[in-house]
Amino acid sequence: EAQVTQNPRYLITVTGKKLTVTCSQNMNHEYMSWYRQDPGLGLRQIYYSMNVEVTDKGDVPEGYKVSRKEKRNFPLILESPSPNQTSLYFCASRFLSSGSRNEQYFGPGTRLTVT
Amino acid sequence: AQSVTQPDIHITVSEGASLELRCNYSYGATPYLFWYVQSPGQGLQLLLKYFSGDTLVQGIKGFEAEFKRSQSSFNLRKPSVHWSDAAEYFCAVGEPGANNLFFGTGTRLTVIP
């Protein structure tokens, strides 16, 4: 089954404790992206990657890191989480060809709470 | 820069009633347009999409949306709402040749018996 998976689905952590949220897709998509969803703000892009070893900042990259060492995986790293990073996080992926027309496939989400 | 406006934060409808969720976008040309639904505790599911051609598009779960260029709108409709349609709905816009999707702030739909 074609899908985007994220782990963990729920995470409660404390300020400053480094964490990684994993994202994996099995559709051979070149493009992968991370979003955060906050009430009243919709989804905002954190980082994206157009292929292996190619990453770039989205609209709200501060406090986050990403890496793309393999095509299928795109982990989101919070080196020193803070309470304002409490949010619902979504990973997404798609093909880069013009035929894909920006249609993205989303993972199930990771709800992160930083105390 | 693109922007997407969903003017209704929360809508309540009775089961069986018709539904229209509004979406307006700001973009110079014709963008790619999407509606996603997020059920409680779930991820985002694509309901329908518009790229070009017929301005009335059909999606899953009995939803449809109409692209109106003159109004820069892409409103989502359903003739008869079911209780299982209670969810949050997001309109999204993609620019041809770009990589990102721009999302509206969402409309939460409550369905009452």
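Mean separation of Cα pairs under 8 Å and 6 or more residues apart, divided by the residue count, gives the range A:1-67 a relative contact order of 22 percent. The mean sequence distance of close C-alpha pairs (under 8 Å, at least 6 residues apart), as a share of the length of the range A:61-107, puts its relative contact order at 25 percent. Over chain B, Cα pairs under 8 Å with separation of 6+ residues give a relative contact order of 37 percent. Less than 5 angstrom separates the built amide H of A:Asp59 from those of A:Gln45, A:Ile46, all sequence-distant by 5 or more or on a different chain.
Net charge in the neighbourhood of A:Arg44 (other residues with Cβ under 10 Å of its Cβ; Lys, Arg +1, Asp, Glu -1) is -1. When the inverse distances between all different Cα atoms of chain B are averaged and flipped, the Kirkwood radius reads 14.1 angstrom. Take each residue of peptide B:39-45, count the partner chain Cβ atoms within 10 Å of its Cβ, and average: the result is 5. For the protein assembly as shown, what is the number of Lys pairs with C-alpha distance below 25 angstrom, counting only pairs 8 or more positions apart or on separate chains? Number of lysine pairs found: 15. Let me test this: with uniform point scatterers at the alpha carbons of chain A, what is the Debye-based log₁₀ I(q)/I(0) at q = 0.17 1/Å? Reported log10 I(q)/I(0), two decimals: -0.76. Remark: the range B:52-62, residue by residue, has Karplus-estimated 3J(HN,Hα) of 5, x, 3, 7, 9, 10, 9, x, 7, 6, x Hz, where x stands for each Gly or Pro and the curve is 6.51 cos²θ - 1.76 cosθ + 1.60 at θ = phi - 60°.
Sorted from largest to smallest, which semi-axis lengths in Å does the alpha carbon gyration tensor of the protein assembly as shown give for its equivalent ellipsoid, taking the root of 5 times each eigenvalue?
On the way: eigenvalues 173, 89, 47 Å².
Gyration-tensor ellipsoid for the protein assembly as shown: 29, 21, 15 Å.
Structure remark: mean-square fluctuation, Gaussian network model of chain A, C-alpha springs under 10 Å; the largest value among A:Val66, A:Val14, A:Val52 belongs to A:Val14.
For the peptide B:93-105, the mean number of other protein chain Cβ atoms found within 10 angstrom of a residue's Cβ is 5.
Any read-out appearing in this document is the output of simple, stated calculations on the displayed coordinates, not a laboratory observation. Small disclaimer: the values here were computed from a predicted structure and weren't measured. Note that each Cβ is placed from the backbone with ideal geometry, even for glycine, and that neighbours are counted across all protein chains shown.
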